[in-house]
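The values are calculated or read from the model by the stated rules, or taken from the named source; none is laboratory data. Everything numeric in this text was worked out from a predicted model, so none of it was measured. No Cβ is skipped: glycine too gets one built from the backbone with ideal geometry, and neighbour counts run over all protein chains shown. Note: accessible area is taken over every heavy atom of the protein model, side chains too, but ligands, DNA and RNA are not part of it. Shrake-Rupley method; radii C 1.70, N 1.55, O 1.52, S 1.80 Å.
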Amino acid sequence: MVRHLVVGDLRVQRIERKGGWSSWTIVWPEGTLHTEADRFLRVHDGSGTQKTYAYYLVDHLRWLERECLDFATVELRDLERYMGIVGAEVHMPLGEPWRVGKRPYGRSALSIAASCLKGFYLHQASLGVNVGLGERLDGTRLPSQVDRRRSLLGHVKSAMPANPLAPKGPHRRHPKMLPDGAREKLLETVNSARDRMVVTWLADGGLRIGELCGLHLVDLHLRENAACNECRSPHLHVCHRPENSNRAEAKTKHSWQVQHGTVTGGLIKRVSPEMVHTYFEYLTSEYPRGAGHGMLLVQLHGAGTGQPWAPVGARRMLGRAGKRAGLGLVKPHAFRHTFTSAVLDAADGNRLIARDAGGWASAATVDEVYGHVDLHDPAFDAALRTVWGEPK
């Protein structure tokens, strides 16, 4: 089964694969694969990055067609001109307007587009196409103070990857925190034990919405000294499962397995007593008996009652609850930013604790060497308990 999403002449196409997971590619109007784009996107198969890159890349490919440029002759100046057309600040003639009637990319979108284009043309260069452009894109820069703090051996680092297409200037952070008192107002507004559990788990766990909706019951080890022997405290295992029927999947792909009915591996996250409480309230009052899918969150109403709850359903629930509570549109990721900020404050600025508590991973630091804090480290434990409102 395929689903067509038309974007001009070239189009992005989602392909439904066996096991319930999807991949994304780019095809010509007659339905044949765009070979170069497909080869590049296959590198990111099975990840959300593949879909994102497909939509950014298809716009660029359509622009190349209009400009009569091909991969073997396009130059860095052409790519800089394209970035200027979609919203970057560049000092050169841009040519004819592009994406007429659409807003220019913001800084975040420009950064993604720059990463996509650099990756695509480096991939082309690795195949022997336009090697000169690949060399110009594959540059380095001197590490900043922030870069050195990020890396375990930052004091000896002499170079960092650079992208000449990336937007210039300091990056403006926009964490989009929850409004003050949002958690309490939402808990007073939501209408079910499931929804109270969602608010609590997002607030205390710092989970991504895909991670939360992708959890299975076997992933939850909510008692002391669980059989996995990987964490003495109550915890859960975030496991990447692209075959989930509700299309919810974890962003990170830590290896995991099930041995004798016990999940081991994945991304291990501590859970608060309040998370455990809301789980049992939901499980004993609303979770359907005989649910064969084994997933944690289920639909409570309508034709799909008892079936796995998709992330879009959770997003809509939070959006409606936020408006009823007078908070405006509440997005799940705001819980994650708020959680990480709170842990960072409670840990006196310890970035390792904040990163590991929230399971953060940055594309800018993929190739860095990190240390990981012990889940039972006193500072780690104290930071979590402070955020959860418990005595240290």
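List of remarks:
- Hits in the range 229-245 (condition: open to solvent by less than 30 Å² (accessible area, probe 1.4 Å), under 25 Å from Arg385 (Cα atoms) and in a loop (DSSP other than H, G, I, E, B)): Cys231, Ser233, Pro234, Cys239
- Leading residue by the ranking (most open to solvent (accessible area, probe 1.4 Å)) among those in the range 260-277 that are in a loop (DSSP other than H, G, I, E, B) and not polar (S, T, N, Q): His260
- Scan of the range 119-135 for residues that are on the phi > 0 side of the Ramachandran plot and of a type in the set (Gly, Ala, Ser), ordered by number: Gly128
- In the range 208-228, the qualifying residues are those that are open to solvent by 10 Å² or more (accessible area, probe 1.4 Å) and in contact with a strand residue (DSSP E or B) (Cβ under 8 Å, 6 or more places away or on another chain), and the one that is nearest to Pro308 (Cα to Cα) is His216.
- All conditions in (1) open to solvent by 20 Å² or more (accessible area, probe 1.4 Å); (2) in a helix (DSSP H, G or I); (3) more than 19 Å from Val131 (Cα to Cα) hold for Gly84, with the sole exception of (1).
- The range 278-320, subset on the phi > 0 side of the Ramachandran plot and in contact (Cβ under 8 Å) with a residue 12 or more places away in the chain, residue surrounded by the most Cβ atoms within 10 Å (Cβ to Cβ): Gly306
- Here is the figure for the range 246-259: residues that are part of a loop (DSSP other than H, G, I, E, B) and modelled with pLDDT of 90 or more total 3.
- In summary, helices (runs of 4 or more DSSP H) completely within the range 95-184 and bearing 1 or more residues that are open to solvent by 90 Å² or more (accessible area, probe 1.4 Å), of a type in the set (D, E, K, R) and modelled with pLDDT of 90 or more occur at 131-137.
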